[in-house]
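Taking it in order: structure first as structure tokens, then the write-up.
The values are calculated or read from the model by the stated rules, or taken from the named source; none is laboratory data. Model, not experiment: these values are computed from the prediction. Note that we place each Cβ from the backbone using ideal geometry, even for glycine, and neighbour counts take in every protein chain shown. Just so you know, the surface numbers come from the protein's heavy atoms only, side chains and all, with ligands and any DNA or RNA stripped out. Shrake-Rupley method; radii C 1.70, N 1.55, O 1.52, S 1.80 Å.
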Amino acid sequence: MRALKMRLGEAFLRAHRLILETRGRVVVTGMGKSGHIGRKIASTLASTGTPAFFMHPGEASHGDLGMITRDDVVIAISNSGESDEILAVLPVIKRRGAKVIAITGRAQSTLAAEADVHLDAGVEKEACPLNLAPTASTTATLALGDALALALLDARGFGSDDFAMHHPGGTLGRRLLVHVADIMRKGDQLPRNSPGDALLPDAIIEMSAKGIGMTAVVDAEDRLLGIFTDGDLRRALAKSDSLKGVRVGDVMTRNPITIAPERLAAEAAQVLEQKSLGGRLVVLTADRKLAGVVTFHDLLAAKVV
């Protein structure tokens, strides 16, 4: 890989510029093991902001060449640079006007000579003890493809939000797309009491009715003053035999840890994992009004954790 790094020079920059400036898509093609690597490169390009797909070179000569337009860039992969299936369709690709980037292990090969840009993925020896099975060469090709994809990602200013939009169905997409406001409990689901008239029995009834082991203590404008949790209840019981006349405002937890509704749900999960909050987190607006409560169960249900 150190030797490969030394070859990321002018040819790599030209390939990068060619793809960045194209008005079409990137079409990756390769036969055998090179094809498997090509599929992965096409997938990585597509998921990081460069529209790309894989075209099987054998099928290309039976109609799939119709996928290619003059605005496209073709990345043709062949370790030998002499794959019959690729060389058979190369003249038609060039006649269409599409640009060709070749990734080969032989700079003197036919494919390298006919390409607009050649990227050298040659290795001294395969990892295979027989020096036959494509191993080191496929790794070098994959590294080149990944380097190209990431250089394009950086040039396009492709960020985590863009990445999430390309991966909405996976865990990563959910972690990047789901916000606290999307999954928090709100409205009638929220346990709340006011400190002036709420006695502990009232708070306990509210906690039990909403089933999340706490109640928010708010003023007349719904601004958070504190929270009363089952932990606060145990501490209050340890101090007094009778809690009938105790007001919830006198035993609540003031200034609890909170989170804003626009924050990522993954951030809420991180806070809950790092702090001992009983598996729930109060959600406040910028003016400290109660917006909701998010629990670890809510995060699990949303598949954020």
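Being surrounded by 16 or more Cβ atoms within 10 Å (Cβ to Cβ), hydrophobic (A, V, I, L, M, F, W, C) and under 24 Å from the mean Cα position of the chain (by Cα) is the filter here, so list the residues in the stretch 230-270 that pass it.
Hits for the stretch 230-270 are I259, L264, A265, A266, A268, A269.
Within the set of pairs 6+ apart or on separate chains, which have a first residue in the stretch 130-148 that is within 21 Å of E10 (Cα to Cα) and hydroxyl-bearing (S, T, Y), a second that is open to solvent by less than 20 Å² (accessible area, probe 1.4 Å) and assigned to a loop (DSSP other than H, G, I, E, B), and C-beta atoms under 6 Å apart?
Taking only residues 6 or more apart or on different chains, the pairs are T141/A121.
Quick check, is L190 closer than 18 Å to V218 by Cβ, modelled with pLDDT under 85 and open to solvent by less than 50 Å² (accessible area, probe 1.4 Å)? Steps first, please.
Values: closer than 18 Å to V218 by Cβ: yes; modelled with pLDDT under 85: no; open to solvent by less than 50 Å² (accessible area, probe 1.4 Å): yes.
Considered against the rule, which asks whether it is closer than 18 Å to V218 by Cβ, modelled with pLDDT under 85 and open to solvent by less than 50 Å² (accessible area, probe 1.4 Å), L190 comes out as no.
Which of the residues that make up the stretch 91-111 are open to solvent by 10 Å² or more (accessible area, probe 1.4 Å), part of a helix (DSSP H, G or I) and in contact (Cβ under 8 Å) with a residue 12 or more places away in the chain?
Here is the first cut: in the stretch 91-111, the residues open to solvent by 10 Å² or more (accessible area, probe 1.4 Å) are 91-92, 94-97, 99, 105-108, 110.
When the remaining residues are screened for being part of a helix (DSSP H, G or I), the result is 91-92, 94-96, 110.
Scanning the stretch 91-111 gives V92, K94, R96, T110.
Would you point out which residue out of V248, V282, V294 is under 23 Å from I183 (Cα atoms) and touching a Pro at 6+ places or on another chain (Cβ under 8 Å)?
Numbers: V248 fails: under 23 Å from I183 (Cα atoms); V294 fails: touching a Pro at 6+ places or on another chain (Cβ under 8 Å).
It is V282.
So K210 ticks every box in (1) under 19 Å from Q189 (Cβ atoms); (2) open to solvent by less than 40 Å² (accessible area, probe 1.4 Å) but one. Which box is left unticked?
Single failed check for K210: (2).
Would you confirm, using the coordinates I've provided, whether L111 is modelled with pLDDT of 95 or more and touching a strand residue (DSSP E or B) at 6+ places or on another chain (Cβ under 7 Å)?
Working: modelled with pLDDT of 95 or more: yes; touching a strand residue (DSSP E or B) at 6+ places or on another chain (Cβ under 7 Å): yes.
Yes; evaluated as a whole, the condition is true for this residue.
Would you confirm whether any residue within the stretch 32-44 is assigned to a loop (DSSP other than H, G, I, E, B) and of a type in the set (S, T, Y)?
Kept after step one, since they are assigned to a loop (DSSP other than H, G, I, E, B), are these residues of the stretch 32-44: 32.
Remaining after also requiring of a type in the set (S, T, Y): none.
Checked against the condition, which is being assigned to a loop (DSSP other than H, G, I, E, B) and of a type in the set (S, T, Y), the stretch 32-44 yields no hits at all.
Looking only at the stretch 45-59, filter to residues that are more than 26 Å from D84 (Cα to Cα) and outside any helix (DSSP H, G or I); which one of those is most open to solvent (accessible area, probe 1.4 Å)?
Once the filter is applied, the top-ranked residue is P51.
Please determine whether any residue of the stretch 232-252 is under 16 Å from G278 (Cβ atoms) and assigned to a loop (DSSP other than H, G, I, E, B).
The answer is yes, given that some residue of the stretch 232-252 is under 16 Å from G278 (Cβ atoms) and assigned to a loop (DSSP other than H, G, I, E, B).
L18: open to solvent by less than 70 Å² (accessible area, probe 1.4 Å), hydrophobic (A, V, I, L, M, F, W, C), in contact (Cβ under 8 Å) with a residue 60 or more places away in the chain and touching a Lys or Arg at 6+ places or on another chain (Cβ under 6 Å), yes or no?
Numbers: open to solvent by less than 70 Å² (accessible area, probe 1.4 Å): yes; hydrophobic (A, V, I, L, M, F, W, C): yes; in contact (Cβ under 8 Å) with a residue 60 or more places away in the chain: yes; touching a Lys or Arg at 6+ places or on another chain (Cβ under 6 Å): yes.
Spelling it out, L18 is indeed open to solvent by less than 70 Å² (accessible area, probe 1.4 Å), hydrophobic (A, V, I, L, M, F, W, C), in contact (Cβ under 8 Å) with a residue 60 or more places away in the chain and touching a Lys or Arg at 6+ places or on another chain (Cβ under 6 Å).
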